[in-house]
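One structure is given below, encoded as structure tokens.
The values are calculated or read from the model by the stated rules, or taken from the named source; none is laboratory data. This one's a predicted model, so the numbers in the text were calculated from it and none came from an experiment. Every residue, glycine among them, receives a Cβ derived from its backbone with ideal geometry; neighbour counts consider all protein chains shown. Keep in mind that these areas ignore ligands, DNA and RNA; they rest on the heavy atoms of the full protein, side chains included. Shrake-Rupley method; radii C 1.70, N 1.55, O 1.52, S 1.80 Å.
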Amino acid sequence: QTVRMRMRTAMVMLVHAVVGVECFASPLQIPCGAAHGRTSSSAAFSMLRMSGGSAADKPSIGFLGMGIMGVPMSQNLIKAGYSVTVWNRSPEKCAPVVKAGAAQATTAAEVVKSCDITFAMLSDPAAAEAVAFGPQGVIEAMCEGKGYVDISTVDPACAVKIAEAIRAKGGSYLEAPVSGSKKPAEDGALIFLCGGDKKLYEQCIDAFQVMGKKHLFLGEVGAGAKMKLVVNMVMGSMLSAYSEGLALASAADLRIDDVMDVVNNGAIACPMFSIKGPQMKTGSYPPAFPLKHAQKDMKLALLLADELGVALPTSAAANEQYKAAKGRGKGDEDFAAVHSNYE
């Protein structure tokens, strides 16, 4: 057991002593206030904070999903002094975060029970719903005083469905999909697009500042999902157009380095083009944002547009390019692999 876990156990026992609940030996056994008719864990930490406890100035954080994004985000929280408990459907993926000082739970429900606020970074709506509603999932352990922050990219209907279930159990819910990929996650430079319970948003601001460079509260549940789909739709369409430009330049016997130089110094210059252009030139696509996820987001944006009666012919054409690349086996590579259609 790590020093961090031992400190966390002592802190939990002290909190329980303050509020008059039974102490447990494991830091992964904090009871729900609603289920026990006692003060919630969030309120307990607040009481300890007022008493001057040095370790209780931050809520305990759970993190579900140890993928390209979840690992560096969790590591940044640990570096900032947060007590973090992690879980992943493939347990071995938790190893780098456990090595950094996190506790590892065996189920999503165990994470929710042990933590004040649980973040989830999952691959798609199906995964988000499976983790929330499945056996030993989030909803099973949710209760009053707990917060759930879903930072996955899902459609608005999925966000609303999960929010309703969380609130029905007495918990609070915030959607907070992020704009940014692997490098911004490592650098703590993500942008959080939030909707839902304003109080929970305010409780998460310090954690958002650790993991990101900007956070916005956009209103009710669904607003964050819609904003993320708009941003990723624009991003995907831009990169598809850049790929077409490089393909045309190559066919016209122009030097790709010259094309990138002109683009990077002109009005359409942007960080994405400067990063992805060299990858397209060499045909090497180490995943920062997997193409299969980019195509999923394009599809969700187009479905939203269809519901709202908005025609998006450019984005629809770009989506076909990503589908073609995914059909070529490029789904797990970076979304710059959309250029593989021209290789």
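Whenever you get a sec, compute what percent of the accessible area on region 95-253 sits on carbon and sulfur atoms (1.4 Å probe).
Its accessible area is 55 percent carbon and sulfur atoms.
How much net charge surrounds Ser172 when only other residues with a Cβ under 13 Å from its Cβ are counted (Lys, Arg +1; Asp, Glu -1)?
Net charge around Ser172: -2.
What does the charge count near Gly147 come to, summing +1 for each Lys or Arg and -1 for each Asp or Glu among other residues with Cβ under 14 Å from its Cβ?
For residues surrounding Gly147, the net value is 0.
Using DSSP, restrict attention to beta bridges with both residues in region 96-236 and report what percent are antiparallel, rounded to the nearest 5.
For region 96-236, the DSSP antiparallel bridge percentage is about 25.
Stretched out fully, how many nm does the piece from Lys198 to Glu343 gain, at 0.36 nm a residue minus the Cα gap?
47.4 nm
What is the percent carbon and sulfur in the accessible area of region 266-319, measuring with a 1.4 Å probe over the protein chains and ignoring ligands?
The value for region 266-319 is 66 percent carbon and sulfur by accessible area.
Highest mean first, how do 285-292, 81-88 rank when packing is the count of other Cβ atoms within 10 Å averaged over residues?
81-88, 285-292
Report the local net charge at Ala294: Lys and Arg +1, Asp and Glu -1, summed over other residues whose C-beta lies under 14 Å from its C-beta.
+3
On a 29 Å Cα-Cα criterion, which of the cross-link pairs Lys93/Lys113; Lys113/Lys330; Lys93/Lys213; Lys214/Lys276; Lys93/Lys146 come out too long?
Result: Lys113/Lys330 exceed 29 Å.
Suppose we keep just the DSSP beta bridges with both residues in region 159-227; what percent of those would be antiparallel, to 5?
If I count the DSSP bridges inside region 159-227, around 45 percent turn out antiparallel.
Calculate, for region 189-257, the solvent-accessible area per residue in square angstrom, rolling a 1.4 angstrom probe over the heavy atoms of the protein chains.
Counting only protein heavy atoms, the per-residue value for region 189-257 is 47 Å².
Can you tell me the order of 263-271, 170-178 when each peptide is scored by its average per-residue count of other Cβ atoms within 10 angstrom, highest first?
Order by mean packing, descending: 170-178, 263-271.
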